[in-house]
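Undergrad: Just dropping this structure here.
Every read-out reported here was derived from the displayed coordinates using simple, explicitly stated rules and does not represent laboratory data. Computed from a predicted model, the values in this text were never measured in an experiment. With ideal geometry, Cβ positions are generated from the backbone for all residues, glycine too; neighbour counts draw on all protein chains shown.
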Amino acid sequence: MATEPEKNQPKIPMNSRSKKQLPGGVEGEAPDKAPEGENAPGPGGWFEILSSPMATTLITVVVGSILGQLILSHYQDQEKRREMAQEELRATIEKRQDTVQQALDRIGAVRFDAEAHIQLTHPENDPRYAHNPQEKKEMTQRIDKVFDNHLQVLQSWYAGQRESGLLLAYYNFGDERIKTAWDTTAETTTSFLNCAVDAYKASQSPGAVEKDPCSNERKAADAALEKLSDAFEVASQDSWQDLKPSASKKDGVIIAFLKLIHAE
């Protein structure tokens with residue numbers, strides 16, 4: 001039987017959420033904390049897998065590998081294009097070297113012909129001053145050889161002078177230094193040859209012997225040839241510089257890093 005204080009104690013209203021069926025059918029207050037242990041409700045299995053550190057590492061590796069392959073493929077394509085461009089440039093440089101050699105050979109032939117004519121102006125090469133018939137015959141034969149060679153040199157020079165100029169301009173990508181240097185060299189070389197031929201003709205007149213004919217024309221031709229050589233050297237240095245790999249050090253580090261990711 002309830003005591004008096006218990007009758008006067010206010011009752012706390014209870015709803016269905018705050019009540020719990022106790023053993024024996026007696027209702028009571030629900031516990032404040034959820035039960036713990038093996039029967040406690042937990043998150044689903046996939047959530048646990050995705051939340052684990054192993055799953056995070058796996059996703060990072062997979063995504064990193066895919067991105068690494070894409071970026072590495074991009075760099076490899078760039079490298080292939082760079083190598084193809086370098087091969088084309090290397091072939092152009094080889095053609096340029098052949099053209100330069102051909103041009104220098106033509107200049108050398110003209111210079112030799114000019115010097116040969118100048119040598120004929122000297123009394124020791126003039127048949128008129130021969131000491132005997134045999135010496136006169138040998139001198140005449142040398143002169144004939146110079147004249148025969150002169151005709152071949154003229155034909156090659158005037159036919160190939162323009163060709164060499166066009167090829168040099170083409171294989172040097174229209175380099176103005178090469179064009180100007182070649183035009184000057186061709187002009188001074190031609191002037192030197194014409195002077196030498198005129199000097200020989202003048203030497204055939206009695207008493208008309210010049211000690212050092214065409215010295216000014218020779219100096220002008222030498223100076224022009226030196227400038228042409230300098231222009232060739234500068235163009236060659238620029239070309240070999242272009243052949244160097246253009247990938248920066250940073251690009252190399254990135255590629256190495258991407259290869260490492262791809263290997264992982």
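Undergrad: Report Rg(Cα)/(2.2 N^0.38 Å) for the stretch 98-245, keeping two decimals.
TA: In units of the 2.2 N^0.38 Å rule of thumb, it is 1.29.
Undergrad: Using a Förster radius of 35 Å, what is the FRET efficiency between Lys211 and Ala159 based on their Cβ-Cβ separation? Nearest 0.05, please. Spell out each step's value before the answer.
TA: Working: r = 35 Å, r/R0 = 0.99.
Efficiency at R0 = 35 Å is approximately 0.50.
Undergrad: Further, regarding this structure: Once both labels are modelled 7 Å past Cα along the beta-carbon direction, what's the His131-Asp230 spacing in nm?
TA: Taking the two extended label points, one gets 4.8 nm.
Undergrad: When ranked by the protection proxy of mean other Cβ atoms within 10 Å per residue, highest first, what sequence do the peptides 127-137, 218-228 form?
TA: Output ranking for 127-137, 218-228: 218-228, 127-137.
Undergrad: Using the Karplus equation 6.51 cos²θ - 1.76 cosθ + 1.60 (θ = phi - 60°), what ³J(HN,Hα) coupling, rounded to whole Hz, does each residue of the stretch 128-145 give in order, writing x for Gly and Pro?
TA: 3J(HN,Hα) across the stretch 128-145, in whole Hz: 5, 9, 5, 8, 7, x, 5, 5, 5, 5, 5, 4, 5, 5, 5, 5, 4, 5.
Undergrad: Modelled label-to-label distance, Leu89 and Lys201, 7 Å Cα→beta-carbon offset: nm?
TA: Spacing of the two 7 Å Cα→Cβ label points: 5.1 nm.
Undergrad: Let me ask another. Could you give the length gained by full extension between Glu187 and Tyr170, i.e. 0.36 nm per residue of separation minus their alpha carbon distance, to one decimal place?
TA: Separation in residues times 0.36 nm, less the Cα-Cα distance, equals 4.1 nm.
Undergrad: Let me check against my output: what whole-number percent is the relative contact order of the stretch 98-245, with C-alpha pairs under 8 Å and at least 6 apart?
TA: After rounding, I find 30 percent.
Undergrad: Students often get this wrong, so check it: of Lys137/Lys201; Lys95/Lys219; Lys145/Lys219, which have C-alpha atoms separated by over 23 Å?
TA: Working: Lys137/Lys201 20 Å; Lys95/Lys219 30 Å; Lys145/Lys219 26 Å.
Checking Cα-Cα distances, Lys95/Lys219; Lys145/Lys219 exceed 23 Å.
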